[in-house]
Amino acid sequence: MTGNGSGERSGPPPGAHLWSRDGFNGDMCVTVRPYPIVDYTGVQGRHAPHRLGIDDLDLLDRTDPAALPTVFATSRKDVTLAASARSTPTPFVWRNAENDELHFVQDGELDYVTDFGTLRAEPGDFVCLPRAVTYRVVPVRTPTLRVIVETPEQLRLNPPAPFGMINFARDVKRPDPGRSSDQPGPTDLLVKAFDGITRFSLPYDPLALVAVVGGQIPVWKLNLADIQPLSYLPHGGPPGSFAESSSRDLLLYTLSARPGARPPMHHNADYDELIFYFRGPGAYGALDRPGQLAWTPKSVSHWGPVEDVPEGYLAWLVESAGTFRLTPAGHAAAHLMETGRFDRQPEPAEADPAPVSA
């Protein structure tokens, strides 16, 4: 920044900067900076913003029916992000002994055949499969593409405005017990625990069901388009989470188009931010191809784009208190990202973590 002799500043325009704790829910302080603090001229190390296309990952279950989803990121609190492009039914049934699972359907249609009946999932659906629920995935319309969030904590819907943000009676759907599994013959059951997978051989289909006679079915689905974005007019304001894990290690938001001005530059002191662009019309900054992910680690300054897009768009956000790292599979599809437009930056020329041009 330099002066021009008249008391006016030259160079980039000033901008508001928000420092916040506990995501958007805790202590905060707003300042004005003389220039943007989201522009980087070099990055060295792993704690840097990246973006990737989910479909650009090497998804083994696209062609191998026995393959499992591909893990592309993990957190310090044992949360994993995986992706699947399954084209044929799973030749086994699956039970997660450690984690709740939240599946987001990016493309295709799938039947989730569960302990409690069958649930049809379509693009934009979140499907929650709590710990110890047994299920089989059957593609109905291909190609399919899913993002799978696994967490050792219980996931629950908990919007701040339960009668406005989500219409529970209309939009939260559960499996149909009348559509029970009917697979003949022996069945393989894969149970995932902390130290690997145990395979059980069963003489009958464990998903066969006579009736649900009490309680509430724990499996549910909710479409992203049915979650109302929360905003504060005329200037906007932070979004509101609609789901969370029991300790609030994970917070989930709709980040779809909403009225208001461009948000300030932001330091999120406690949470990584992972933005998944679902579809247009309209775009989230430079995210305009369905199925893209933008990951900004905690404490890295970033500046969200204008969200008041006339055409509208649908996107969702995961905030994670556990710091994420990309796996080798994730790194193979990821690119460095600048944080003013969520645009890609050139890849480093060398394999070592050396300074790169941004």
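One table, with the values for the structure above:
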{"read-out": "Cα-only Debye scattering, the stretch 252-308: base-10 log of I(q)/I(0) at q = 0.13, 0.15, 0.30 Å⁻¹", "value": "-0.33, -0.44, -1.38"}
{"read-out": "Debye, to nearest 20: dipole size of the chain, +1 on Lys, Arg Cβ, -1 on Asp, Glu Cβ", "value": "380 debye"}
{"read-out": "Three-way shape label, the stretch 234-274, alpha-carbon gyration tensor, a/c 1.5", "value": "oblate"}
{"read-out": "Most to least packed among 291-298, 217-224 [average Cβ atoms within 10 Å]", "value": "291-298, 217-224"}
{"read-out": "For the stretch 130-271, accessible area per residue (1.4 Å probe, heavy atoms of protein chains only), Å²", "value": "50 Å²"}
{"read-out": "Leading residue at positive end of dipole, the stretch 37-154 (Cβ point charges), from T74, Q106, L145", "value": "T74"}
{"read-out": "Per residue, in Å², the accessible surface of the stretch 273-351 once ligands and nucleic acids are set aside, probe 1.4 Å", "value": "36 Å²"}
{"read-out": "Compactness index (Cα Rg / 2.2 N^0.38 Å), the chain", "value": "1.06"}
{"read-out": "Debye, to nearest 20: dipole size of the stretch 97-140, +1 on Lys, Arg Cβ, -1 on Asp, Glu Cβ", "value": "120 debye"}
{"read-out": "The chain, accessible surface, carbon-and-sulfur percent (1.4 angstrom probe)", "value": "54 percent"}
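The values are calculated or read from the model by the stated rules, or taken from the named source; none is laboratory data. Everything quoted here is computed from the prediction, not taken from an experiment. Because the Cβ atoms are built from the backbone with ideal geometry, glycine has one as well, and the counts that use them run over all protein chains shown. These accessible areas exclude ligands, DNA and RNA; they are computed on the full protein's heavy atoms, side chains included. Shrake-Rupley method; radii C 1.70, N 1.55, O 1.52, S 1.80 Å.
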